[in-house]
1. Of all residues in region 10-24, how many are at pLDDT 90 or above, in contact with a Pro (Cβ under 8 Å, 6 or more places away or on another chain) and part of a loop (DSSP other than H, G, I, E, B)?
2. If I ask for residues that are within 24 Å of Pro90 (Cβ to Cβ), out of contact with any Phe, Trp or Tyr (no Cβ under 8 Å at 6 or more places or on another chain) and not basic (Lys, Arg), which ones from region 7-45 would you list?
3. Can you name the residue in region 121-143 that is closer than 26 Å to Val41 by Cβ and open to solvent by 80 Å² or more (accessible area, probe 1.4 Å) and, of all such residues, is farthest from the chain's Cα centre (by Cα)?
4. Which helices (runs of 4 or more DSSP H) does region 70-162 wholly contain that include 1 or more residues that are modelled with pLDDT of 95 or more and touching a Phe, Trp or Tyr at 6+ places or on another chain (Cβ under 9 Å)?
5. Being open to solvent by 40 Å² or more (accessible area, probe 1.4 Å), part of a strand (DSSP E or B) and either without any contact (Cβ under 8 Å) to a residue 40 or more places away in the chain or of a type outside the set (A, V, I, L, M) (or both) is the requirement here; does Glu45 meet it?
6. Can you name every residue in region 25-42 that is part of a loop (DSSP other than H, G, I, E, B) and of a type outside the set (A, V, I, L, M)?
7. Within the set of pairs 6 or more residues apart or between chains, which connect a residue that is free of Cβ contacts under 8 Å to residues at least 24 places away in the same chain inside region 117-128 to a residue that is part of a strand (DSSP E or B) and surrounded by 15 or more Cβ atoms within 10 Å (Cβ to Cβ) with Cβ atoms less than 8 Å apart?
Amino acid sequence: RAMEFVKSDANGKPRADMTYRVSPDPRSHNVFDGEIDNGTVRITEPGVLNLLQDPLVFPEFTLHNTHLRMDIKTDGAVEGIVGGYQPWLPIYFAYSGGGLAAEHDIMGDIPGIYHLLRRYADAMPDPETGENTAISASYYFEAVPAFAVAPGEAGFESASAR
């Protein structure tokens, strides 16, 4: 996770070759074993992926038994798919957090979303109830090359020095 917001180009897409400071918060530091074969990156040992998100909409993104396949293009851009089992209650929170206004103006049937997530949850059974607490999920992503530096690294001022 970067300490800065993503910079956009003239088309509103993420700008390539920007420099971002890596957040020191350990909740977004993830390490996986993997391999690169002909420009394709794969996770070889699935694990848990944790990412901090927007605290008002989706506070923390967690994916268990994470798998990844990412293709590196000749210009350094990447596209890929990441998947695994995602706890369904935070997904529901993202939909329901906007309340009646979001249901009326944007989403539709929030109670229906709750029941669908609960019904189709297919992993991580609760030890007491046996009810599944996670649902299969996959996400397609695109990315552009960027530079990541540790806060305080030579040539990059800290946020408190601004």
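The values are calculated or read from the model by the stated rules, or taken from the named source; none is laboratory data. Please read all numbers here as calculations on a predicted model, not as lab measurements. Neighbour counts are summed over all protein chains in view; Cβ atoms, including those assigned to glycine, are modelled from backbone coordinates with ideal geometry. Surface areas here come from the heavy atoms of the whole protein model, side chains and all, with no ligands, DNA or RNA. Shrake-Rupley method; radii C 1.70, N 1.55, O 1.52, S 1.80 Å.
1. Residues that pass the stated criteria total 2.
2. Val22, Ser23, Pro24, Asp25, Pro26, Ser28, His29, Asn30, Val31, Phe32, listed by residue number.
3. Glu142
4. Ranges flagged: 88-96, 110-120.
5. no
6. Residues satisfying the conditions are Asp25, His29, Asn30, Phe32, Asp33, Asn38, Gly39.
7. Cβ pairs passing all conditions: Tyr120/Ile135; Pro125/Asn132; Pro125/Thr133; Asp126/Asn132; Asp126/Thr133.
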